[in-house]
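Written below as structure tokens is the structure these notes are about.
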Amino acid sequence: MSSPVSLSIVIPVYNEELNLPVLFARLYPVLDQLGRRYEVIFTNDGSHDRSIELLKAQYAARPDVTRVIDFNANYGQHMAIMAAFERVRGDVIVTLDADLQNPPEEIPKLLAQIDAGFDYVGGYRLNRQDSFFRTYASKLINFVREKTTSIEMTDQGCMLRAYRRPIIDAIVRSGAINTFIPALAYSFSSNPGEVGVKHEERHAGVSNYSFYQLIRLNFDLITGFSLAPLQYFTMFAGLTSVGSFALVILLLVRRFVYNLDRETFGVFTLLAIVIFLLSVAMVGMGLIGEYVGRTYQVVRARQRYFVKETFETKE
């Protein structure tokens, strides 16, 4: 009887046909040298190129350690990872991007930390090879997240992370609709750790994350794990109300006590105040709507993704 799987590597794939051959050539030798029984689970997230054909070929070449999940459409990186999490067999799970910016040769670093007793180990990128804008935008987003949530991560954008199985089981059971997996793992972990990992230039192609998607992902993180935006807005609305009232009093005093601003006082001043207050109210309604929308998604309980086909060898 074969020994149980010790290690699961989870890799989401979206239009990575140029990177996959190099990933296969670098990843499997690293895992073969670990002396652990392992599996590699690829989730094809609705790729439009030849990614699924390459994944099928890799499964045919290494069916003993390779599993492939094929989505019918693009559901996003974190849904692709969640689909694999729901099917992993290993006691330790490592997530890895397919673009080779986080080298697979760094996986042993994370496993050493897991063996040292941590139940969740996040990687943080050393000497980042991203553009100046992307690097400092990431630092800004990390700063905002630290100030609005209780989640402490040096580098939330690094997907090279290792988890013990109980953490993965807790993430799956949570049934979260808007999932930011590193943050969920941190909230469930009792002994989290971090380790610096190398960062390389993308082997081929361009990032599949647009600027809008990065902003959307981090907005999901902040609103999904904290009420701080609502609390900050409430405080801001209160200060605005006080300020607006004080402004009205000031205008009345200038007009009726000191007889000033006769030409400018009137409908235009009041209109400016009303427009400002309405803009504040609209921002608040949008923020509240974001939270209500999340509640609607949970109540609706719609299937988060659809698996078209799987390729795997049954245990």
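Matching residues to (1) buried (at least 22 other Cβ atoms within 10 Å of the Cβ); (2) basic (Lys, Arg); (3) touching a strand residue (DSSP E or B) at 6+ places or on another chain (Cβ under 8 Å); (4) in a strand (DSSP E or B):
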| position | (1), (2), (3), (4) |
| --- | --- |
| Val10 | yes, no, yes, yes |
| Leu23 | yes, no, yes, no |
| Leu31 | no, no, yes, no |
| His48 | no, no, no, no |
| Glu53 | no, no, no, no |
| Ala57 | no, no, no, no |
Flagged in segment 6-62 as among the hydroxyl-bearing types (Ser, Thr, Tyr) and in contact with a Phe, Trp or Tyr (Cβ under 6 Å, 6 or more places away or on another chain), in numbering order, are Ser47, Tyr59
Take Ala183 and tell me if it is at pLDDT below 70, farther than 17 Å from Gln113 by Cβ and aliphatic (A, V, I, L, M). no
Find the residue count for segment 59-86, including only residues that are crowded, with 18+ Cβ neighbours inside 10 Å, modelled with pLDDT of 95 or more and not hydrophobic (A, V, I, L, M, F, W, C). 4
Return only the number of the condition from (1) in contact (Cβ under 8 Å) with a residue 60 or more places away in the chain; (2) within 24 Å of Pro182 (Cβ to Cβ) that Leu55 does not satisfy. (2)
Taking Tyr14 as the residue in question, decide whether it is over 21 Å from Asp169 (Cβ atoms) and out of contact with any helix residue (DSSP H, G or I) (no Cβ under 8 Å at 6 or more places or on another chain). no
Residue that is part of a loop (DSSP other than H, G, I, E, B) and either at pLDDT below 75 or under 30 Å from Asp49 (Cβ atoms) (or both), where the choices are Val197, Val206: Val206
Test result for Ile273, of a type in the set (A, V, I, L, M), surrounded by 12 or more Cβ atoms within 10 Å (Cβ to Cβ) and either on the phi > 0 side of the Ramachandran plot or modelled with pLDDT under 65 (or both): no
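The values are calculated or read from the model by the stated rules, or taken from the named source; none is laboratory data. For clarity, every value in this text was computed on a predicted model and none was experimentally measured. Cβ coordinates were reconstructed from backbone atoms using ideal geometry, including for glycine residues, and neighbour counts include every protein chain displayed.
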